[in-house]
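Working notes, structure below.
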Amino acid sequence: RAAVGAAGGPTVRGRRLARPEGQQFEGGGWRGRGQQAEGWPHISEQLSEAGTWRSDSGTVQTTRTRRTHNTGFTAGTAAFRPRMTHHAEERQLEREIDERLIRHTVVRGRKTQVGEKWRFEKDGVVVISSTETPEQSVITTWLEQATYQKAMRTAADDEYKRFVDRLDDSLDEEERLEKLISYLSDPDTQQLTSMVSGVDRALHPMDEPLLHHCVAKGFVECVQAMLDSGEFDDAIGKKAKRGMNLMHLAAWNGRPEVLPVLEAHWKNLCDLPSDFNELPEQTGWLKR
């Protein structure tokens with residue numbers, strides 16, 4: 001919103017509007033050559049129908065419109081950013097980030113033909129391919145489109161939170177392991193998988209994926225089962241909240257019983273620093 005500066009002249013967010021040549025500011029208006037121009041200066045108009053105020057040089061602009069959310073963008077740009085707004089019904093998957101999820105959907109999903117394209121769908125994830133049997137090693141040649149329904153992702157995240165609470169409330173190691181196997185078992189193969197309801201639990205949630213949570217809690221049997229499955233290899237070197245890897249979390253939470261299991265799968269994990277340039281042994285010492 002524009003305001004009058006201390007030196008006499010309109011400003012926008014602390015920046016002074018450019019003054020048109022030959023005009024002077026007097027009492028809230030701009031006086032031109034022989035006439036009074038109310039409001040704020042613009043080469044062609046004072047106020048556009050969209051509610052946009054501009055200086056004559058076009059270097060300062062504010063838009064009076066309703067904000068859709070707290071990202072700083074205005075409602076007028078919502079159509080150009082479907083991946084950023086929470087009003088979108090689906091999220092566009094990207095090959096570089098969601099490649100494992102895309103491949104999983106192609107292998108396990110329900111396949112139907114739509115015109116000359118092929119559609120694979122599983123757990124709210126939809127992948128459109130140019131071939132009926134995509135070659136798994138060359139994803140760029142057949143991937144047309146991949147989306148994930150937002151409602152399905154929200155339901156999957158809520159389900160995960162309830163599962164973690166049940167896991168923490170288990171009476172003993174045996175009950176905890178049974179709950180883990182039940183949650184991670186693929187209904188088709190009956191083997192453990194990190195892909196649950198269209199979400200890779202080896203990497204999500206970003207601040208503390210499932211493997212990191214079990215390490216921090218000292219659930220040795222769960223950590224052993226997940227690492228033995230080979231589905232959580234991508235999570236071994238991943239840093240979670242506060243830039244800590246699995247070794248840091250074990251040291252910070254005082255879980256020495258987990259260390260032998262981690263060392264058996266990645267011997268150099270103890271040599272990797274956190275985002276604060278601390279080794280796991282330093283993190284454990286600081287915690288004391």
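The values are calculated or read from the model by the stated rules, or taken from the named source; none is laboratory data. Everything quoted here is computed from the prediction, not taken from an experiment. No Cβ is skipped: glycine too gets one built from the backbone with ideal geometry, and neighbour counts run over all protein chains shown. Please note that ligands, DNA and RNA were not included when accessible areas were found on the heavy atoms of the full protein model with its side chains. Shrake-Rupley method; radii C 1.70, N 1.55, O 1.52, S 1.80 Å.
Some observations on this one:
- Residue check for residue 269: over 25 Å from residue 152 (Cβ atoms), surrounded by 16 or more Cβ atoms within 10 Å (Cβ to Cβ) and more than 25 Å from the chain's Cα centre (by Cα): yes
- Listed here are the helices (runs of 4 or more DSSP H) enclosed by region 127-223 that have at least 1 residues being out of contact with any strand residue (DSSP E or B) (no Cβ under 8 Å at 6 or more places or on another chain), free of Cβ contacts under 8 Å to residues at least 40 places away in the same chain and open to solvent by less than 40 Å² (accessible area, probe 1.4 Å): 150-168, 210-217.
- Being at pLDDT 90 or above, assigned to a helix (DSSP H, G or I) and closer than 23 Å to residue 102 by Cβ holds for only one residue in 226, 247, and it is 226.
- Of everything in region 67-115 that is in a loop (DSSP other than H, G, I, E, B) and modelled with pLDDT of 50 or more, the residue that is most open to solvent (accessible area, probe 1.4 Å) is 89.
- Residue match in region 153-172 (condition: modelled with pLDDT under 95, in contact with an Asp or Glu (Cβ under 7 Å, 6 or more places away or on another chain) and of a type outside the set (Phe, Trp, Tyr)): no
- Restricting attention to region 243-254, the residues being surrounded by fewer than 21 Cβ atoms within 10 Å (Cβ to Cβ) and over 17 Å from residue 203 (Cβ atoms) number 3.
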